[in-house]
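Would you mind keeping the following structure in view while I ask a few things?
The values are calculated or read from the model by the stated rules, or taken from the named source; none is laboratory data. Note that the coordinates shown come from a computational prediction; the quantities given were computed from them, not determined experimentally. Cβ atoms come from the backbone with ideal geometry, glycine included; neighbour counts cover every protein chain shown.
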Amino acid sequence: MSTTTHLPQAHVRRRFNPWLVVVGLAAALLALGAWVAIDRATGNEPENLASSEVVAMVKAMNGAYEANDAKVAAAFYAKDAIMEETDVNGPKAHLVTTGRGQILMRWQEGVDWFQQSGWRPDVGSGVIQTGRLVASTQTFGVPGEEPNGEAVVVAELDESGKIVHEWAIVRWLRWP
């Protein structure tokens, strides 16, 4: 005769520890943060965004325009720069200004017009760059009202960051 021994069944009690969940979530969040930091540091930004120096230059030049300071705005151009303005539906179809001195006078005309009209330029949020070409946008008109016009400005920079050639395409939304 054989005897069988039965052992009592062991019941394992599993305890739920909420701190393990908190620690696991914290580790996952830390890993996600590290991934985002590494992704940004390795330059996975959208292509063609302008360098911080170029963005600062564009903002400073437009800041001079906003401050009605044509002399400072013109200082961003090379001595023999060319500025071309194409007015797609306004009074001046195509205007070419050559040399920093003439560009200063053209900027002064613009500043005077803006002051008389109560207009302000509103520069777009993005500046793009491909090689030495830099592009930005702006609208202009009386602050708080619908804009009177809009423009796309493309500038070619020399090796020192001065504008050597600029093309501005202006479209009037409403004539003053």
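Among the residues that make up the stretch 151-158, is at least one of them at pLDDT below 90, under 24 Å from ALA75 (Cβ atoms) and of a type outside the set (Lys, Arg)?
The answer is no, given that none of the residues of the stretch 151-158 is at pLDDT below 90, under 24 Å from ALA75 (Cβ atoms) and of a type outside the set (Lys, Arg).
Sticking with this one: Being in contact with a strand residue (DSSP E or B) (Cβ under 6 Å, 6 or more places away or on another chain) and part of a helix (DSSP H, G or I): is that true of ASN62 here?
yes
If you don't mind, another one. Considering THR137, THR97, which residue is part of a strand (DSSP E or B), in contact with a helix residue (DSSP H, G or I) (Cβ under 6 Å, 6 or more places away or on another chain) and modelled with pLDDT of 90 or more?
Details: THR137 fails: in contact with a helix residue (DSSP H, G or I) (Cβ under 6 Å, 6 or more places away or on another chain).
Among THR137, THR97, only THR97 is part of a strand (DSSP E or B), in contact with a helix residue (DSSP H, G or I) (Cβ under 6 Å, 6 or more places away or on another chain) and modelled with pLDDT of 90 or more.
Take the stretch 65-93 and flag every residue that is within 18 Å of VAL170 (Cβ to Cβ), out of contact with any helix residue (DSSP H, G or I) (no Cβ under 6 Å at 6 or more places or on another chain) and assigned to a strand (DSSP E or B).
ILE82, GLU84, GLU85, THR86, ASP87
Out of all the residues in the stretch 138-147, which are free of Cβ contacts under 8 Å to residues at least 60 places away in the same chain and within 10 Å of PRO121 (Cα to Cα)?
Restricting attention to the stretch 138-147, the residues satisfying the condition of being free of Cβ contacts under 8 Å to residues at least 60 places away in the same chain are 139-147.
THR139, PHE140, GLY141, VAL142, PRO143, PRO147 - these are the residues of the stretch 138-147 that are free of Cβ contacts under 8 Å to residues at least 60 places away in the same chain and within 10 Å of PRO121 (Cα to Cα).
A follow-up question, please. Taking the options ALA50, ALA60, ALA41, ALA73, name whichever one is at pLDDT 65 or above and surrounded by fewer than 16 Cβ atoms within 10 Å (Cβ to Cβ). Outline the logic, then answer.
On the way: ALA50 fails: surrounded by fewer than 16 Cβ atoms within 10 Å (Cβ to Cβ); ALA41 fails: at pLDDT 65 or above; ALA73 fails: surrounded by fewer than 16 Cβ atoms within 10 Å (Cβ to Cβ).
None of the others qualify; the one that does is ALA60.
Which numbered condition trips up LEU173, out of (1) surrounded by 15 or more Cβ atoms within 10 Å (Cβ to Cβ); (2) farther than 22 Å from SER51 by Cβ; (3) modelled with pLDDT under 90?
(1)
If I go through the stretch 148-174 residue by residue, how many of them are within 17 Å of GLU85 (Cα to Cα), of a type in the set (Asp, Glu) and without any contact (Cβ under 8 Å) to a residue 60 or more places away in the chain?
Looking only at that region, the number is 2.
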